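Since every read-out is calculated from the coordinates, none of them should be taken as a lab result. Everything numeric here is computed off the predicted structure, so don't read it as measured data. So basically every Cβ, Gly included, is an ideal-geometry build from the backbone, and we count neighbours across all protein chains shown.
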Amino acid sequence: MILLDTREFDHPIPLEMAVEAFKNLRNDEVIHMVHRREPLPLFEILSKNGGRYLSSMREEGIWDIYITRSPDLDLEACRV
Amino acid sequence: MYSGLSLDQAPPLGIVLRFFLAVPLFGAPLSLLILIHPAELLTPLHPYSLAALHLMFLGVMSMSMIGALFQMQSVLGGKPIPSPLGNGLIVHTLLSLGTLALAGAFFVSAPVLFVIASVLLGSAIVYTVQLVLPLLFGGITHDTLRGMRLALVSLALTALLGIVMASSYADASFGPRHEALRASHYSLGLIGWVGTLIIAVAFQVVEMFYVTAPYSAWCKRNAFWIIAGALVLKTVTLLAGWEYAWGFDLVIAALLLGFAATTLRRLRERKRRVSDVSIWFWNLGVSLLLLAVLAHTASLLGATDALERVALIAFALFGLSVILGMMGKIVPFLVWFHLSSAGYLDAPIMSNVIPAFRAKLLFGLFASAAAALLLGVFLPALFAAGGILGALMFALLFSNLLGALRLYRHTLAHGTRFTQE
């Protein structure tokens, strides 16, 4: 699991960091992104480029996003 | 700003850039006017001064603000402007030709150009408002969208008063209400359109872009009601010929001072202290707003022409500073977002779309031009120097925007796409 905590970065740097990490992601790896809001534009980029994601709000202002390139990896099982 | 951005709803990159690229093209003749005719531009109501004023507020500022509306509407409203390619072209063409006609009308004092400008600009603005305003209704309660509504209504009223005044210029017959119309035209254009749209955008982007504490909910909920109320009452008071219209200026001044002070404090107390040129533009812009409000308030007490000129120039520079800062942030993001969504593995990182040294140079030129123009109110030679600095700044802006467009097209033509394992 690759941890990517982007909460302190100015918008839209977190999106760029996540896409850069996604480009280098192996099929069996998962990125755990922690962000202060739900990054909707990122989801479109991931979906259109063979990625999958699971997004949930931990508490107000903290979102956990799990990203993979694997078509069958269970992201629910990756939740911390 | 981009929390809801979807490629399917976003307008094509070319539409937004078409508006943005026109900004330096109008900035160039404006700078030339400042350089060649500084004394005339510093003379209130001189036709060259009015030509410059409309090149600035229509050709530079409204052009970029309407271009940004095409983008913002799809992001914030969730209801994108329909047929953005065709509608963008119509608005852009009418606004460009209308601004040129109006500036030309003042410059050569040609009555027929006032009529042509009225038709073109009236059409551009009415078309824009009827296109965007209906999308902002229907259960929408977002504070920024409320501000956009007020800004668009103000823009339409500004245009209406402008057309009435243009007809006076066309046949050189100024009625007894001409000064009241002018004062209302300025208030609705500067505060209702420019100021309100910038405040509405600030409520959304300052917190999101720069990780600051949010503006207070009370302020976001009520600011636009206060502006709208003060503008309506001021306009009625002016047109009815009653006294004390300046009282509503004081209400607006107090609100703008509060907005400026809060924004500066939010930016100063931000968590992450990384150098970012767009923050420099915001800080300088909001400081210029403070100067504009203080100079205008002082001019109400002392009624000096110089203070009124400082207020107007500082307010225009406030708007331009925020616009330049936002362009520097929006254009790299849009280039990156459109390419990344299309799957280009080698989409340039945002900091490479407009390199940092170019962004910093743009800020340096803008800040120097701003200082020269403001000091130039008292030393006209410096005002002309502001024209040279302005021309250099607009040339660099054009080069930066063109560079971003070229990079986008080059990646589209030669880039490598994601491979799916």
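Data overview
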| quantity | calculated |
| --- | --- |
| DSSP-defined antiparallel bridges as percent of all bridges, the stretch A:2-78, nearest 5 | 75 percent |
| Sites residue A:58 and residue B:83, calculated FRET efficiency, Cβ-Cβ separation with R0 45 Å, nearest 0.05 | 0.65 |
| Value at 222 nm in deg cm²/dmol, rounded to 500, when DSSP H runs of n ≥ 4 in chain B each add -39,500 (n - 2.57) | -25500 deg cm²/dmol |
| Burial ranking of peptide ranges B:114-124, A:47-57 (average Cβ count within 10 Å, highest at the top) | B:114-124, A:47-57 |
| Whole-number percent relative contact order across chain B, with pairs defined as alpha carbons under 8 Å at least 6 apart | 18 percent |
| Ranked B:99, B:196, criterion: other C-beta atoms within 10 Å, fewest first | B:99, B:196 |
| Residue exposure sequence - B:163, A:65 - by fewest surrounding Cβ within 10 Å | B:163, A:65 |
| Environment charge at residue B:299 (Cβ cut-off 12 Å; Lys +1, Arg +1, Asp -1, Glu -1) | -2 |
| Sum of -39500 (n - 2.57) over DSSP H runs of 4+, divided by residues of chain A (222 nm, nearest 500) | -7500 deg cm²/dmol |
| Nearest 10 degrees, 0 to 90: helix B:63-72 Cα axis against chain B principal axis | 50 degrees |
| Net charge of neighbours whose Cβ lies under 14 Å from the Cβ of residue B:200, counting Lys and Arg as +1 and Asp and Glu as -1 | +2 |
| Förster radius 35 Å - calculated FRET efficiency between residue B:126 and residue B:242 (Cβ-Cβ, nearest 0.05) | 0.75 |
| Packing-based exposure ordering (other Cβ within 10 Å, fewest first) of B:171, A:72, B:276 | A:72, B:171, B:276 |
| Chain A: relative contact order as a whole-number percent, Cα under 8 Å and 6+ apart | 31 percent |
| Under 23 Å from residue B:234, Cα to Cα: lysines that are on another chain or at least 8 residues apart | B:220 |
| 5 angstrom amide H check on residue A:4, placed H, neighbours 5+ away | A:32, A:33, A:34 |
| Inter-chain Cβ neighbour average for residues B:347-360, partner chain, 10 Å | 1 |
| Distant-in-sequence amide H partners of residue B:344 (H built 1.01 Å from N, under 5 Å) | B:418 |
| Inter-centroid distance (Cα atoms) of the stretch B:300-335 relative to the stretch A:4-52, Å | 36 Å |
| Sorted peptide list for B:36-43, A:20-27, criterion being average Cβ within 10 angstrom, highest first | B:36-43, A:20-27 |
| Angle in degrees between helix B:356-375 and the longest Cα principal axis of chain B, rounded to the nearest 10 | 10 degrees |
| Aspartates and glutamates whose Cα lies under 16 Å from that of residue B:271, excluding same-chain neighbours fewer than 8 positions away | A:5, A:8, A:10, B:207 |
| Neighbouring partner chain Cβ atoms per residue of A:6-17, average, 10 Å criterion | 6 |
